[in-house]
Amino acid sequence: MSLDRPSSASATPAPATPSSEPGSPDAVRRGVRVGVAAYTIWGLLTIYWKQLGAFDAFELIAWRMLCAALVMALIVIVRGSWPRLRRAFSDRETVLRLVVAAMLLTGNWGSYVWAVVNDRVIETALGYFIAPLATMAIGVLVLRETPTVAQRVAFGLAAVAVVVLTIANGAPPWIALILAGTWSLYGLSKRQISLDAIDSLAGETFVLLLPSILLLLVMSGHDSSVISTANAPDWLYVLGTGAVTAIPLMLFASAAKAIPFTLLGPLNLIVPVINFGLGWLLYDEEMTMLRVVGFAFVWIALVVVMYDRIRHARRTPDGPRRSRSNG
């Protein structure tokens, strides 16, 4: 599947057929495949970031922003989409939306990288378990998608889970809540930007370019900085953050515009399942009984939602299209 598929929007549009219309079964299936690929890569990125655990999380975020911007600049050159981006940056409303998306992306990147390098992988798993429910809540509250009884039950179970985990941790699971909130809102922001998926991502990373350079200039003087202490393998991992960031984000951006939020949400489960397994089995993070109970409420909520979604899809084959039209 070509990552340049969104660029077809700039060509003369062909007459739409039922199978190619946004929200059609074929379009939804393509969106699901792209989403699965994106989430699988994200889940495995925990292993990647662990290789950079010796460095400050905020410096790593700055390197990630810088390298992602450079990768996206190359992609824009190959696609020849600089004119579209120049027009976008000349429009105040589009720039504002790009800034909002970039801020949400930075918040998500920052909390995730900080949690991984500080041995809190299981908490990132919780965040991405909650994210589908947060995404569906946005679909209901913002995009006016109609919630089912199962979704209402799931929201209640998620609230109970947060309370239980707050008791287990002695404080609210802030990292998990920030991850879930910023990621779900970022998905929403993608739908409000008039650029295609790849150009939108490029614009967001370009917005972050100057802040990342300034942050690196401030932190490069530290004795433990990447510039001061990184060896050759470290530099390969640091410079590779651009590619490993851009590729799944482009896949996700395409999926977010192709399928309804009530279907996009459950796909998020791939990431926390991988992260939970890595944190518990590979990195030996603690799982107390009360913590297991909190996770269990989230898992039950997700099972309820997935069962409801599967049953609905079997009864109404055009359900995904109808749900999307509500947005």
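The values are calculated or read from the model by the stated rules, or taken from the named source; none is laboratory data. Please read all numbers here as calculations on a predicted model, not as lab measurements. Glycine gets a Cβ as well: all are built from the backbone with ideal geometry, and neighbour counts include every protein chain shown. We work out accessible area using only protein heavy atoms, side chains counted, and drop any ligands, DNA or RNA first. Shrake-Rupley method; radii C 1.70, N 1.55, O 1.52, S 1.80 Å.
Here is a check on your reading of the model: is Ala101 at pLDDT 85 or above and in a helix (DSSP H, G or I)?
Numbers: at pLDDT 85 or above: yes; in a helix (DSSP H, G or I): yes.
So Ala101 fits the description; yes.
Of everything listed in (1) outside any helix (DSSP H, G or I); (2) out of contact with any helix residue (DSSP H, G or I) (no Cβ under 8 Å at 6 or more places or on another chain); (3) β-branched (Val, Ile, Thr), the single unmet condition for Ile193 is (2). Among residues of the range 78-95 that are under 16 Å from Glu204 (Cβ atoms) and among the hydroxyl-bearing types (Ser, Thr, Tyr), those with a Cβ under 9 angstrom from a residue that is open to solvent by less than 80 Å² (accessible area, probe 1.4 Å) and not in a helix (DSSP H, G or I), sequence gap 6+ or separate chain, pair up as Ser81/Leu195; Ser81/Asp196; Thr94/Ile193; Thr94/Leu195. In this entry, Leu60 is excluded by the filter for residues that are over 19 Å from Ala197 (Cβ atoms) and open to solvent by 10 Å² or more (accessible area, probe 1.4 Å). Within the range 108-120, count every residue that is under 16 Å from Leu282 (Cα atoms) and crowded, with 24+ Cβ neighbours inside 10 Å. So the count comes out to 2.
Scan the range 128-151 and give yes if some residue there is open to solvent by 40 Å² or more (accessible area, probe 1.4 Å) and part of a helix (DSSP H, G or I), otherwise no. Give the derivation first.
Step one: list which residues in the range 128-151 are open to solvent by 40 Å² or more (accessible area, probe 1.4 Å), which gives 141-142, 144, 146, 148-149.
Right, trim to part of a helix (DSSP H, G or I) and you get 141, 149.
Yes - at least one qualifying residue is present in the range 128-151.
Leu52 meets all of the listed conditions (1) within 16 Å of Val244 (Cβ to Cβ); (2) in a helix (DSSP H, G or I); (3) not charged (D, E, K, R) but one, namely (2). Taking every residue in the range 108-121 that is in contact (Cβ under 8 Å) with a residue 40 or more places away in the chain and on the phi > 0 side of the Ramachandran plot and pairing it with any residue that is surrounded by fewer than 24 Cβ atoms within 10 Å (Cβ to Cβ) and acidic (Asp, Glu), at least 6 positions away or on another chain, the pairs with Cβ-Cβ distances below 7 Å are Asp119/Glu285. Only one entry of Asp308, Asp284 meets the criterion of being free of Cβ contacts under 8 Å to residues at least 40 places away in the same chain and of a type in the set (Asp, Glu), and that entry is Asp284. Scanning the range 300-325 for residues that are open to solvent by 40 Å² or more (accessible area, probe 1.4 Å), modelled with pLDDT under 75 and in a helix (DSSP H, G or I) gives Ile310, His312, Ala313, Arg314, Arg315, Arg321, Arg322, Arg324, Ser325. Where in the range 230-280 are the helices (runs of 4 or more DSSP H), entirely inside, with at least 2 residues that are closer than 19 Å to Ser200 by Cβ, open to solvent by less than 10 Å² (accessible area, probe 1.4 Å) and at pLDDT 85 or above? Ranges flagged: 232-258.
Every test in (1) modelled with pLDDT under 85; (2) touching a Ser or Thr at 6+ places or on another chain (Cβ under 9 Å); (3) surrounded by fewer than 23 Cβ atoms within 10 Å (Cβ to Cβ) is passed by Leu188 save one, and that test is (1).
Where residues in the range 164-185 are closer than 15 Å to Trp299 by Cα and touching a residue at least 60 places away in the same chain (Cβ under 8 Å), which of them is surrounded by the fewest Cβ atoms within 10 Å (Cβ to Cβ)? In this case the residue turns out to be Val164.
What do you reckon, is Ala125 over 17 Å from Asn275 (Cα atoms) and not aromatic (Phe, Trp, Tyr)? No, not satisfied.
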